[in-house]
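Engineer: Take this structure first; my questions come after.
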Amino acid sequence: MIRLQDIRRAAGCLAALAVLAASPSARADDWPARPVTILVNGGPGSLPDLFARPLAERLHKALGQPVVVENKPGAGGMLAMQQLKSAPADGHTLALVTNAHLVWNPYIFPALTYDPARDLQPVSPLAIIPMALTVNDRMPAQSLDQLLAIARQQPGKLNYASSGNGSPPHVLFEMLREQAGVDIMHVPFKTGTGALNSVLAGDTQMYFAGTALVEPMVKDGRLRALAISEAVPDAAFGKAPTLAERNFRGFEGAVWLGIAARSGTPDAIVQRLNAEIGRAQQDGALKQMYASHGSLPYHLAASAFAQRVSAERDASGPVLRKLGIKPD
């Protein structure tokens, strides 16, 4: 005779098994079970996109599932991060991130639609992006000291372009401006290409951008590099001093790219992703491709990457609050 308590006990076990089977951790061994999407805060051909696509190709081969790049530009990365936040924590949706998305945005966007510490899981860094402070060929300044001297003589008359309020070019230039004690106006654009074109056209005078983006214009003389964030093995920037050599601090390794998942993604998936990304970074063709974009290789264990992100949040908070950078 089947007793009522036996039925209840069996039902409870079945319910527990159903919950376990539905949980992300139970599916970790079967991951990925469908195509993986990498969200990119940038349009096709943008610098983030140029990093995401070759990585997606390598991950496709390693994981045995298509890895699709989905471009979600705009709103300081909030569109991409919000989509990642809303995705299941099963490792099938990832995002290419920078320190803007994981570190700076909480201090810049008062209505941020995601909490980096709560909603996003750092998986692996990809590269450090050296930055170059450039001016157009119409500017008489031949050095950073000369540029700052002109800015002090003409407060509020010079301007610089950025790829939007809260973007790395904006935050980093504001940090430089604060340390230098100069008044230079900010002109935000929606994309890095728009900012670059404005400087080339003479509508703005300067741009603090990734070396890869401005290298062709530095080589042909349309832009002049006055300083770089860190030394790079590139002849185009060989004469430009590092900002540290000019006594400006906090710019070494200031911009990095990485991959993040939704918080709650099973650790087994995070660890596998980290390992596969590390293996992809050893691919000679990928190394050469990343180097062509002006990047320096950068890989850490997932836990070490998360620790760096947390430490940068603690260090950046007071500075960004003082600057009072606001979004559009």
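The values are calculated or read from the model by the stated rules, or taken from the named source; none is laboratory data. No experiment lies behind these values; they were computed from the predicted model shown. No Cβ is skipped: glycine too gets one built from the backbone with ideal geometry, and neighbour counts run over all protein chains shown. Protein only, heavy atoms only, side chains kept; ligands, DNA and RNA dropped before computing areas. Shrake-Rupley method; radii C 1.70, N 1.55, O 1.52, S 1.80 Å.
Engineer: Just in region 138-239: which trypsin sites (Lys or Arg not before Pro) are loop by DSSP and have at most 16 other Cβ atoms within 10 Å?
Structural biologist: Listed in order of number, the matching sites are R138, K157, K190, R222, K239.
Engineer: Largest first and in whole Å, give the semi-axes of region 95-250's equivalent ellipsoid, each being the square root of 5 times a Cα gyration tensor eigenvalue.
Structural biologist: Details: eigenvalues 139, 64, 46 Å².
Equivalent ellipsoid of region 95-250: 26, 18, 15 Å, largest first.
Engineer: A follow-up question, please. Check Q121: other-chain or 5+ apart residues with amide H under 5 Å from its amide H, H built from backbone geometry?
Structural biologist: A261, R262, S263
Engineer: Follow-up. Check cross-link reach from K190 to the lysines: straight Cα distance under 16 Å, and skip same-chain residues fewer than eight apart.
Structural biologist: The reachable lysines, counting only those whose Cα sits under 16 Å from K190, are K72, K326.
Engineer: Volume per residue, Å³, of the convex hull around the alpha-carbon atoms of region 221-317?
Structural biologist: 139
Engineer: State, as an integer percentage, the relative contact order of the chain based on alpha-carbon contacts under 8 Å between residues 6 or more apart. Numbers along the way, then the final one.
Structural biologist: Numbers: 590 pairs, mean separation 85.0, N = 328.
With pairs under 8 Å counted, the relative contact order is 26 percent.
Engineer: For T193, project a label point 7 Å along Cα to C-beta. Then give me every residue of region 78-103 with its amide nitrogen under 19 Å of that point.
Structural biologist: Under 19 Å, as judged by backbone N against the label point of T193, lie 80 of region 78-103.
Engineer: In Å and from the alpha-carbon atoms only, list the Rg and Dmax of region 41-171.
Structural biologist: Cα-based Rg and Dmax for region 41-171 come out at 18.4, 60 Å.
Engineer: May I pose another question? Read phi for every residue in region 55-66 and hand back ³J(HN,Hα) as whole Hz from Karplus 6.51 cos²θ - 1.76 cosθ + 1.60, θ = phi - 60°, with x for Gly and Pro.
Structural biologist: 5, 4, 4, 5, 5, 4, 5, 6, 9, x, 10, x
Engineer: Right, something else. Gaussian network model of the chain, Cα springs within a sub-10 Å range: biggest mean-square fluctuation belongs to which of N247, N136, N105?
Structural biologist: Greatest mean-square fluctuation among the candidates belongs to N247.
Engineer: Between L133, L102, L63, find the one with the highest GNM mean-square fluctuation for the chain; connect C-alpha pairs within less than 10 Å.
Structural biologist: L63
Engineer: Here's another thing I want to ask about it. Would you mind getting the Kirkwood hydrodynamic radius of region 26-98 from its Cα pairs, rounded to one decimal in Å?
Structural biologist: 12.5
Engineer: For region 73-115, which whole-number percentage of the solvent-accessible area (1.4 Å probe, protein heavy atoms only) is attributable to carbon and sulfur atoms?
Structural biologist: Summing carbon and sulfur atoms, their accessible area is 63 percent of the total for region 73-115.
Engineer: Pop a pseudo-label 7 angstrom from the Cα along the beta-carbon direction at both D267 and D30 and give the gap in nm to one decimal.
Structural biologist: Between D267 and D30, the simple spin-label model gives 2.3 nm.
Engineer: What are the ³J(HN,Hα) values, in whole Hz, obtained from phi via the Karplus relation 6.51 cos²θ - 1.76 cosθ + 1.60 with θ = phi - 60°, for each residue of region 190-198 in sequence order, with x given for Gly and Pro?
Structural biologist: Values per residue, Gly and Pro as x: 6, 9, x, 5, x, 5, 4, 4, 5 Hz.
Engineer: List the residues of region 93-122 whose backbone N lies under 18 Å from a point placed 7 Å from the Cα of N165 along the Cα-to-Cβ direction.
Structural biologist: 100-101, 104-114
Engineer: Counting heavy atoms of the protein chains only and a 1.4 Å probe, report the per residue accessible area for the chain as a whole number of Å².
Structural biologist: Here the per-residue accessible area is 45 Å².
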